[in-house]
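Only one structure is covered here, and it is reproduced in the block below.
The values are calculated or read from the model by the stated rules, or taken from the named source; none is laboratory data. Note that the structure is a prediction, hence the values are computed from the model and not measured. Counting neighbours? That spans all protein chains shown, and the Cβs are built from the backbone with ideal geometry, glycine included.
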Amino acid sequence: MTDEATARREGLERLRQLEDMDEIRKLYVDYGRHLDTGNFSAYAALFAKDAKLRLGPVMRADGREEIERVAAATISPAEPGKGAVHVLGSPSVELDGDTASGECVWCAVAMKDDGTPRVIVGRHVDDLVREDGHWRFAVRRGFVDVGAVG
């Protein structure tokens, strides 16, 4: 292979990695957005067909249909003064071809009945997979690092 062909191939590989990272970043952003708006169908579509969701004892599900059902039964969409808002930190992602691993910090803020905020901070540890040409969560594990404050 010529130096020019090698450079072109390496450039295309770097471009693919950047595109992968951008799509995975959007996956993380869409996760919180779909939960907070109550779009549980779009939320479930972020997961691989046979994904596993393990968010402590609160949300445990296998496969998209069960993930959608469990999310709809567990999460209240945000309304003024109600529901929760999820804030997700920038993920740390390691690509490995059509799979990846990732981790991000999250914060969920909700209003308690007395009008004061309740804050929970934790992290997601993820296995990701490219499925049907798109990045999806294959396994999403959630951990609470700081319990409800306030």
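What about residue 15, is it farther than 17 Å from residue 124 by Cα and assigned to a helix (DSSP H, G or I)?
Spelling it out, residue 15 is indeed farther than 17 Å from residue 124 by Cα and assigned to a helix (DSSP H, G or I).
Being at pLDDT 90 or above and either acidic (Asp, Glu) or over 23 Å from residue 92 (Cα atoms) (or both) is true for just one of 36, 30. Which residue is that?
Result of the check over 36, 30: 30.
Cβ contacts < 6 Å: first residue under 12 Å from residue 65 (Cβ atoms) and assigned to a strand (DSSP E or B), restricted to segment 27-52; second residue aromatic (Phe, Trp, Tyr) and modelled with pLDDT of 95 or more, any location; separation 6+ or different chain. Result?
47/137; 51/137
Of all residues in segment 1-24, count the ones that are under 20 Å from residue 96 (Cα atoms) and out of contact with any strand residue (DSSP E or B) (no Cβ under 8 Å at 6 or more places or on another chain).
Adding up the residues that qualify gives 11.
Looking only at segment 34-53, how many residues end up being surrounded by fewer than 16 Cβ atoms within 10 Å (Cβ to Cβ) and in contact with a strand residue (DSSP E or B) (Cβ under 9 Å, 6 or more places away or on another chain)?
Residues that pass the stated criteria total 3.
Can you pull out the residues in segment 53-77 that are part of a helix (DSSP H, G or I) and closer than 18 Å to residue 88 by Cα?
71
Among 16, 25, 64, which is within 19 Å of residue 132 (Cα to Cα), basic (Lys, Arg) and exposed (fewer than 14 other Cβ atoms within 10 Å of the Cβ)?
16
Quick check on my filter: what residues within segment 70-84 are modelled with pLDDT of 85 or more and touching a helix residue (DSSP H, G or I) at 6+ places or on another chain (Cβ under 6 Å)?
Within segment 70-84, 71, 72 meet the criteria.
Check segment 5-16 and report whether any residue there is touching a residue at least 60 places away in the same chain (Cβ under 8 Å) and among the hydroxyl-bearing types (Ser, Thr, Tyr).
no
Please identify the pairs in which a residue from segment 85-98 that is over 13 Å from residue 123 (Cβ atoms) has its Cβ atom under 7 Å from the Cβ atom of a residue that is β-branched (Val, Ile, Thr), counting only partners at least 6 apart or on another chain.
Sorted first by the residue in segment 85-98, then by its partner, the pairs are 85/109; 93/24; 98/129.
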